[in-house]
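Single-structure report; data block below.
Rule-based calculations on the coordinates, nothing more; no lab input. If you're wondering where the values come from, they're calculated on a predicted model, not measured in any experiment. Virtual Cβ from ideal backbone geometry, glycine too; neighbours counted across all protein chains shown.
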C-alpha cells in the first residue's frame with residue numbers, strides 16, 4: 001500500500017505530464033504567428049528584456065529583443081564567490097541597454113533550435129571592488145568602466161501554449177560567447193602587501209576579453225496573431 005505522500009507525488013507527476021502534453025498538443029494545432037514575451041529569468045538575475053517574435057511560415061520564426069541591464073545589489077554578494085576575481089569578471093555591477101536579434105527553426109511544432117546575436121553598451125561609475133586570495137589578504141580598488149559587449153548564441157527551447165488561452169511559455173538554453181571591449185580606470189585604495197592573488201592594473205586600461213557562456217531563459221508572453 002502506498003502512503004499519502006507517495007500518492008500525492010504520483011498525482012503531481014501525472015498532472016505535470018498531462019499539462020505539458022496538453023500545451024504541446026495545443027501548439028501543434030495553433031501555431032504562433034506573432035508573440036510578445038518577457039524573460040523572467042533574466043529579470044531575476046540582472047536584465048529586463050522584452051522579445052517580439054514573428055513567424056515566417058510553419059518552421060521559421062525571427063525574434064527581436066530590447067533589454068536593460070541593471071545593477072542587482074540583492075544578488076551580487078551571493079554571486080561574487082563564483083568569480084575568480086572582480087578585476088577580470090565583475091559581477092552584476094553593469095547598467096545599460098541591450099539589443100538582440102535571432103532566428104528559430106521549429107524542428108517540431110513545439111520545440112526549436114536557433115541562433116541569435118546581441119550587443120550591449122554597459123557602464124558603472126566609482127564602484128568599489130574587493131578581491132581576496134583565500135589567506136585573509138585582500139585588495140580594494142575603485143573603478144569606473146564603459147564597455148561594449150558583442151556576442152551570439154546557439155539556442156534550444158520549447159514554445160508552449162497554455163490551452164484555451166493566448167498565454168505562452170518559452171523556456172530555452174543558450175550556449176555561445178561574448179567579445180567584451182572594456183575601457184576602465186582603476187584606483188587602488190587598499191593593498192595588503194602579502195596579497196598574492198590576481199592584482200588589478202592601476203590607471204586607465206583598454207582590453208578585449210573573449211568569454212564562453214551558458215544561459216537559461218524563461219520567457220512568458222502572449223500570442224498576438226496565428
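Take every pair of alpha-carbon atoms less than 8 Å apart whose residues are at least six positions apart; their mean separation over the length of region 82-226 yields a relative contact order of 22 percent.
What the Cβ-Cβ distance of residue 209 and residue 64 gives, at R0 = 22 Å and to the nearest 0.05, is a FRET efficiency of 0.25. The slack between residue 202 and residue 173, meaning 0.36 nm per residue of separation minus the straight C-alpha distance, is 6.7 nm.
At a Förster distance of 35 Å, what's the computed FRET efficiency of residue 77 paired with residue 38, Cβ-Cβ distance as r, to 0.05? The pair residue 77/residue 38 has a calculated efficiency of 0.85. Subtracting the Cα-Cα distance of residue 113 and residue 188 from their residue separation scaled by 0.36 nm leaves 22.4 nm.
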